[in-house]
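Novice: Before I ask anything, here is the structure I am working with.
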Amino acid sequence: MPQRKPVPRVPSTFLNRLKEIRVAKGLSQAELATRADITRQAISSIEANRYLPTTVVALQLARVLGTSVEDLFSLQSPGEVIEARLIDVPGQGSAERPLSRVKVVKVSGRFFARPVTGLGEVLSYTVAADGYLMSQGAAGRGRSDAPVAQVRLSRDRQAIEQEIAVAGCDPAIFLAGEHLRRLKDQTSVVGWTMGSTAALQALQRGEVHVAGIHLTDASTGECNLPFLRRQLKASAYEVITFAAWEEGLLVRQGNPKQIHAVADLVRDDVTLINREEGAGVRLLLDQRLRAAGLVGSQVKGYDRTAASHLQVARLVAEGQADVGVGIRSAAQSYGLDFIPLQSARYDLVVPKAYLSSHPSLNHLFDTLASRPFRNEIASIGGYDTRETGKLQSL
């Protein structure tokens, strides 16, 4: 009985960009297979790194896709060094500590690196780095003026290139990434914590794939869309709802300072912890202060800010502030009382071009609409998932 010819083993250093380039060219696996005169199953196996293409197959694929074999397939050395634009680093321009841990994402052909500490107090100790900062150079040009850094990768470059970068302030985005891995593939979601305005600016600079925002128009009460219509070219973006939530005041259990409305914030015995300028809940606070005939300078602690909803909740729980502005789910996480001010919708904004060029972005939005994910965030408390996954019209 003849022995079956062994299938070549795909080495761990094999860098495979076939799926990325195929999707960018707008071809299905079946269309590529037909043009390259091989089977669709072969295309699927190559893309999944189950099969190492022969030289002839690699040449056929490169010819059909209008690229080189080296662009499709290459070998990477352990600890590959790349150039990345370094963003959100305190004291940029000064010498950086050696071996600074960074997360790396690739957006529109450019790598961006950000310190793992930017993920927040807890996640910075639980999320593994993608690489280590080696050196920092001069400021870059173009869509981002961030300095260019040398980063030594600590994991597979291809896996890094599949990561989805989401800027925003909802910590539940990491749960979306976990459900995405369960349902579809091994793509990671990297959430950069920042307020709504800063998230949209990062998206416009090309530093992230998706921006999460919750900005309520004071005159109409409509969420997000009036603001986006003023800022973006509607035909170039999609807006997908993540969830609705309640925004309000966070106080310690039992509400010892008897805070019941925004007007109570100007009392001498009340200290606030605020969010940064441009954050959705800070804009809400400013609107309510103006409606009450008050200004921020009358509020003790108005200029003291926290970087996230969870940090606001922690500072209130620890007694470092009497009240903070944030969302109900953050209050529940720390056992705080919550005084609601309004319901708002948290939407995700994504350029349409990324939906066609990034192979996993559509999978992320399919995940948001899935019943298991909606059940999970509804169980956290403070989320309304009835519109989760819904496409909003710009």
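Novice: Run down ALA331, ALA317, ALA307, ALA321 and say which single residue is modelled with pLDDT of 95 or more and under 24 Å from the mean Cα position of the chain (by Cα).
Specialist: Matching residue, one of ALA331, ALA317, ALA307, ALA321: ALA331.
Novice: Still on this structure, I have one more. Going by what's in this entry, would ALA176 be described as within 13 Å of ALA279 (Cα to Cα), of a type in the set (Gly, Ala, Ser) and buried (at least 17 other Cβ atoms within 10 Å of the Cβ)?
Specialist: In short, no.
Novice: So which residues in the stretch 199-231 are assigned to a loop (DSSP other than H, G, I, E, B) and either within 22 Å of LEU284 (Cα to Cα) or in contact with a Phe, Trp or Tyr (Cβ under 6 Å, 6 or more places away or on another chain) (or both)?
Specialist: Within the stretch 199-231, GLU207, HIS209, HIS214, LEU215, ASP217, ALA218, SER219, THR220, GLY221, GLU222, ASN224 meet the criteria.
Novice: If you don't mind, there's one more thing I want to ask. Please enumerate the residues belonging to the stretch 47-76 that are of a type in the set (S, T, N, Q) and either under 11 Å from ASN16 (Cα atoms) or in contact with a Gly (Cβ under 7 Å, 6 or more places away or on another chain) (or both).
Specialist: Across the stretch 47-76, the qualifying residues are ASN49, SER74, GLN76.
Novice: With a cut-off of at least 3 residues that are under 30 Å from GLY206 (Cβ atoms), touching a residue at least 60 places away in the same chain (Cβ under 8 Å) and out of contact with any Lys or Arg (no Cβ under 8 Å at 6 or more places or on another chain), name the helices (runs of 4 or more DSSP H) lying wholly within the stretch 323-389.
Specialist: Helices (runs of 4 or more DSSP H) meeting the threshold: 352-357, 361-369.
Novice: Okay, next question. I'd like the residue in the stretch 60-79 that is within 30 Å of the chain's Cα centre (by Cα) and surrounded by fewer than 13 Cβ atoms within 10 Å (Cβ to Cβ) and, out of all such residues, is modelled with the highest pLDDT.
Specialist: Filtering first and then ranking leaves GLY79.
Novice: Continuing with this model, one more query. Being aliphatic (A, V, I, L, M) and within 34 Å of the chain's Cα centre (by Cα) is the filter here, so list the residues in the stretch 31-45 that pass it.
Specialist: LEU32, ALA33, ALA42, ILE43
Novice: Considering only the stretch 24-79, state which residues are β-branched (Val, Ile, Thr) and either within 27 Å of LEU355 (Cβ to Cβ) or touching a Leu at 6+ places or on another chain (Cβ under 7 Å) (or both).
Specialist: Across the stretch 24-79, the qualifying residues are THR34, ILE43, ILE46, VAL64, THR67, VAL69.
Novice: Let me ask something else. Considering only residues that are among the small types (Gly, Ala, Ser), closer than 29 Å to LEU310 by Cβ and in contact with a Phe, Trp or Tyr (Cβ under 9 Å, 6 or more places away or on another chain), look in the stretch 88-146 and name the one that is modelled with the highest pLDDT.
Specialist: SER100
Novice: What residue, among those in the stretch 297-328 that are among the hydroxyl-bearing types (Ser, Thr, Tyr) and over 21 Å from GLY118 (Cβ atoms), is surrounded by the fewest Cβ atoms within 10 Å (Cβ to Cβ)?
Specialist: The selected residue is SER297.
Novice: Which residue is surrounded by the fewest Cβ atoms within 10 Å (Cβ to Cβ), if the candidates are limited to the stretch 179-204 and must be at pLDDT 90 or above and of a type in the set (Gly, Ala, Ser)?
Specialist: The selected residue is ALA198.
Novice: Within the stretch 278-295, which residues are touching a residue at least 24 places away in the same chain (Cβ under 8 Å), surrounded by fewer than 20 Cβ atoms within 10 Å (Cβ to Cβ) and in a loop (DSSP other than H, G, I, E, B)?
Specialist: Within the stretch 278-295, GLY278, ALA292, LEU294 meet the criteria.
The values are calculated or read from the model by the stated rules, or taken from the named source; none is laboratory data. Everything numeric here is computed off the predicted structure, so don't read it as measured data. With ideal geometry, Cβ positions are generated from the backbone for all residues, glycine too; neighbour counts draw on all protein chains shown.
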